[in-house]
Amino acid sequence: MERTTHLNTQEHNPSGWINGLIGVVIFSGSLPATRLAVLEFDPVFLTVARATIAALLGLCLLWLFKEKRPARSQLLPLAIVALGVVIGFPLLTALALQYVTSAHSIVFVGLLPLATAVFGVLRGGERPKPVFWLFSILGSLLVVGYAIAQGLSAAPAGDLLMLLAILVCGLGYAEGAKLSRTLGGWQVICWALVISLPIVAPLTAILAPASFVNISLPAWLSLAYVSLFSMLIGFVFWYRGLAQGGIAAVGQLQLLQPFFGLALAATLLHEPVSLGMLVVTFAVIACVAGARKFAR
């Protein structure tokens, strides 16, 4: 009875969808900003630097609000979140963007709802209806088919890195959402960042370039965006939304991310956005809209 009440509360909670949408809008700028940053920063340095900056801010927030330390049972889930969204996804996408454009990589974000839903079942105990999986898999096949049609052999390293990034990100999303139900949304990402600080802070110092003189303002602004918004503020809304509205259900909002991201890539980076990209993006959004209907 308690489980049923919890699911019904999630399903009819508009706050989950509002928070999730805010998170998606913030995340939409991540890949274009990363693409700009890796033009002048080493991808590994960018990964550890953004995590270090966000972790220091997160540490200040935890101290300011006098948050209690996580329980011992919460440390492993926090480590999974850190490996998935603090280190894994930023590093893999930064490496991938050396081979592919941000517009091309954004299409792979169409796989995120499926990955998140799968890990929501495995780690969050959710059980969407069978038709949900039909729509989700169809949307994912459209994304993969588009990548192959564009010539997967042209940049196999970039596409493989993006696929790996989606897997670790989906795991980090589901694990963080599950943990948010007991620890709190912003606390989860802050503690995950703090846990990673002993690793990323020394690496930031070691991998820092000899001189920052030639780094342009757009690169610095991109680093600031991925550190503050992509790494911290976006997750505050995203984890709260997933916890309130359900991992599989609210996770479908990620299909709006390619649409926003493609618009940013075309506007800010002047990257070509082909008709095929737009068709696939809208087709996948339609598939996940159908999946959302059967998420419960």
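A quick yes/no check of all residues on (1) at pLDDT below 90; (2) crowded, with 24+ Cβ neighbours inside 10 Å; (3) touching a His at 6+ places or on another chain (Cβ under 6 Å); (4) of a type in the set (A, V, I, L, M, F, W, C):
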{"position": "80", "(1), (2), (3), (4)": "no, no, no, yes"}
{"position": "89", "(1), (2), (3), (4)": "no, yes, no, yes"}
{"position": "95", "(1), (2), (3), (4)": "no, no, no, yes"}
{"position": "107", "(1), (2), (3), (4)": "yes, yes, no, yes"}
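Residues are listed down the side, and each one gets a yes or a no for (1) more than 13 Å from residue 33 (Cβ to Cβ); (2) crowded, with 18+ Cβ neighbours inside 10 Å; (3) touching a helix residue (DSSP H, G or I) at 6+ places or on another chain (Cβ under 9 Å):
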| position | (1), (2), (3) |
| --- | --- |
| 238 | yes, yes, yes |
| 242 | yes, yes, yes |
| 263 | yes, no, yes |
| 268 | no, no, yes |
| 277 | yes, yes, yes |
| 294 | yes, no, yes |
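Number of residues in the stretch 185-220 that are open to solvent by less than 20 Å² (accessible area, probe 1.4 Å) and either among the small types (Gly, Ala, Ser) or more than 14 Å from residue 86 (Cβ to Cβ) (or both): the value is 4. Residues that are of a type outside the set (Val, Ile, Thr), closer than 21 Å to residue 201 by Cβ and buried (at least 20 other Cβ atoms within 10 Å of the Cβ) are absent from the stretch 60-75 altogether. Restricting attention to the stretch 129-180 and to residues that are surrounded by 16 or more Cβ atoms within 10 Å (Cβ to Cβ) and not in a helix (DSSP H, G or I), the residue that is modelled with the highest pLDDT turns out to be 155.
Contact map, the stretch 126-145: first residue closer than 12 Å to residue 286 by Cα, second residue at pLDDT below 85 and open to solvent by 30 Å² or more (accessible area, probe 1.4 Å), Cβ cut-off under 9 Å, separation 6 or more or different chains; pairs are 135/289; 135/292; 135/293; 135/294; 139/285.
The values are calculated or read from the model by the stated rules, or taken from the named source; none is laboratory data. Since the structure is predicted, the reported quantities are computational estimates derived from the model, not experimental observations. Cβ coordinates were reconstructed from backbone atoms using ideal geometry, including for glycine residues, and neighbour counts include every protein chain displayed. Please note that ligands, DNA and RNA were not included when accessible areas were found on the heavy atoms of the full protein model with its side chains. Shrake-Rupley method; radii C 1.70, N 1.55, O 1.52, S 1.80 Å.
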